[in-house]
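Here's the structure, in structure tokens; my notes come after.
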Amino acid sequence: MGTLNLEGVSFHYPGRGETVLDKVTFVIPAGGIFGLLGPNGAGKTTLISILAGQLHGATGSIRAGDEPLEAWRRRRPLGLGLVPQEYAFYPMLTCAENLRFFGAVQGLAGARLKDRLAAAARFARIESALARRAGRLSGGLKRRLNLAIGLLAEPEILLLDEPTVGVDPQSRAFLLESIRSLAGAGRTIVYTSHYMEEVEAICDQVAIIDHGRVLVSGALSEVIRDGSGLQELFMQLTHRSLRD
């Protein structure tokens, strides 16, 4: 796939005067974990939605390797997966029923669907919960089901939007280790989070955005080379005022 290269990406919602993304430019290297950071309302989820093909109308250029991302998605419709911040499953269905449904939506069937369901459940360690209704799961299990659904089609690029929100320390540690292993297997991960310690623990590259603009981007080791830490840099760049 090569790198994801964003150049001058801008976006505003129709009917609104404000610019949500303003000439966003950075490179997401292939096969690593890229941390996308910013306060509430910075534009992170909008950018993730554009990368996933859920929002249209952005200007600028987004390329996957040597071709436009939109063309790459058409050529490889299952090549990009999204694990949204919201729970993306049906609470009245069991975990197994959710996995079968979303696998079928992505074109999986027969033995292939059965194999991928088993592999995704095993990876997310939800085998023991497959017969349980999704709405009755703990927060950690719900996050792991969300991840399993996103992995069904074995995407090359995985977009993770706040994947550890509302989980206990054990579930957070498991999810972070799982994400590391996905990158180790060659997938490209784009990871948004409010938790600076998570980003420092697993990300190779980072970008901090605020008010739709990139404040800093690059290798994590270069971004925090003065030793102040990512949390302090984040606060310096985005200031300390509360956000809605």
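All of the numbers you see were taken from the coordinates with simple rules; none came from a lab. Predicted, not measured: the structure shown is a model, and the values here were computed from it. We place every Cβ from the backbone using ideal geometry, glycine too, and count neighbours over all the protein chains shown.
Computed about its Cα centre, the charge dipole of the chain is approximately 1000 debye, with only Lys, Arg, Asp and Glu carrying charge at their Cβ. Taking the 0 to 90 degree range and rounding to the nearest ten, how far is the long axis of helix 139-151 tilted relative to the main principal axis of the chain, both from C-alpha atoms? Once rounded, the angle reads 90 degrees. Distance from the C-alpha centroid of region 52-108 to that of region 144-191: 14 Å, rounded to the whole angstrom. As a ratio to 2.2 N^0.38 Å, the alpha-carbon radius of gyration computed for region 1-137 takes the value 1.24.
Estimated translational diffusion coefficient (Stokes-Einstein, Kirkwood radius over Cα pairs, 25 °C, 0.890 mPa s) of region 86-155: 213 µm² per second. Here the sum of -39500 (n - 2.57) over DSSP H runs of 4 or more residues, divided by the residues of the chain, equals -11000 deg cm²/dmol at 222 nm, to the nearest 500.
Each residue of region 83-96 was assigned a 3J(HN,Hα) from its phi angle through the Karplus expression (A = 6.51, B = -1.76, C = 1.60, θ = phi - 60°), giving 10, x, 5, 6, 5, 10, 8, 9, x, 7, 8, 6, 4, 4 Hz with x at Gly and Pro. The value for the chain of Rg(Cα) / (2.2 N^0.38 Å) is 1.01. Put +1 on the Cβ of each Lys and Arg and -1 on the Cβ of each Asp and Glu in region 129-228; which of T164, A183, I202 then has its Cα farthest toward the positive end of the dipole? About the Cα centre, the residue reaching furthest to the positive side is T164. Ellipsoid semi-axes for region 11-70, based on the Cα gyration tensor and the rule √(5λ), read 21, 15, 10 Å when sorted largest first.
For region 162-184, the residues whose backbone nitrogen is under 19 Å from a point 7 Å from the Cα of E154, taken along Cα to Cβ, are 179-184.
The coefficient of translational diffusion for region 129-196, derived via Stokes-Einstein from the alpha carbon Kirkwood radius under 20 °C and 1.002 mPa s, stands at 169 µm²/s.
Along the chain, the exposed loop sites are GluC sites (Glu not before Pro) outside DSSP states H, G, I, E and B with at most 13 other Cβ atoms within 10 Å, and the longest stretch free of them is 87-244.
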